[in-house]
Amino acid sequence: MRKLNSAALSLLVLTGLIASFSGCSRRASDEAMAKDIQGKISSDPDTKDSPVSVAAKDGKVTLSGSVTSPAAQQKIDQIAREEPGARGVDDQTSIQPDATQAAGPVNPAPVEQPRPQPIVIPAGTLLVVTTSQALSSKTSQAGQTFLGTLAQPVSVGGRTAIPKGATVSGTVVTAKTKGKIKGQGELALALTSVSTRGLTYQIQTNVLSSTVKGKGKRTAATTGGGAAGGALIGGLAGGGKGAGIGALVGATAGFVGGAFTGNKQIEIPAESPLSFTLAAPLTLPPPAR
């Protein structure tokens, strides 16, 4: 009876030793497996930058932490599943938010288009206008407004800044009738505005003037008011309508077609071309695209 009890006790002790050894062996195997997987992840160029932790229990591998990209996550899962002795993989890793955005299509930064620049018409630019009404030293009055249209377009840098036909407005600076015995007739004009693209812009030009005195002797000139080079108007022929006025602006000859009649008064018929020069720059908004 004692021999039987001793044998049973020995069997129980042996069984316990075997179970204990088996548990220790399994723990050593799990630790070695986790360490091996961790090393492979750290050495692989596709996964080494992903901070991932590896744990193993009873052959089941658990992955946790974050990965840099979906491709890295897939590669880490593959490394764990291919580990000898691994019975399963629980992948608890997450993809870093910025990595998800980086994985998507990258839109190039929009190219900033240069802002359109205003158009500056410089001082000294010639404005040839056609009068819409007759003007006279006898019938016109100082301060009177007159209208006209551009007889030719104004260009800046090879592009039209003000088109032909644009409406201009001017003022009679001086209008003085000549007396029968003495005194002199005088007529002076200047432009004050131009309208284009539905907007009106104030402008400054030279003063175009002419006088007649004595027995039909005429003189004509323009005063610049700041216009570069000034201008002189000559060639007033005596007697009859249609006498031409030639304008010289700086070194460039322009044409002023005002007609002067009779020996006593200065008259400019309607539809007469007159040349003015800008005395100050004119700034216009950028052209519409």
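Summary table below
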item: Subset of segment 160-181 [of a type in the set (A, V, I, L, M, F, W, C), farther than 25 Å from Q117 by Cβ and either within 39 Å of the chain's Cα centre (by Cα) or in a strand (DSSP E or B) (or both)]; result: V172, V173, A175
item: Selection from segment 146-170 of residues that are modelled with pLDDT of 95 or more and of a type in the set (S, T, Y); result: T149, T167, S169
item: Qualifying residue in segment 142-159 (condition: over 30 Å from the mean Cα position of the chain (by Cα) and hydroxyl-bearing (S, T, Y)); result: yes
item: Options P153, P163; residue that is surrounded by fewer than 17 Cβ atoms within 10 Å (Cβ to Cβ) and free of Cβ contacts under 8 Å to residues at least 24 places away in the same chain; result: P153
item: Per-region count, segment 191-209, residues in contact (Cβ under 8 Å) with a residue 60 or more places away in the chain and touching a strand residue (DSSP E or B) at 6+ places or on another chain (Cβ under 6 Å); result: 8
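The values are calculated or read from the model by the stated rules, or taken from the named source; none is laboratory data. This structure is a prediction, so every number in the text was calculated from the model and none was measured. For neighbour counting, all protein chains shown are included, and Cβ atoms are generated from backbone atoms with ideal geometry for every residue, glycine included.
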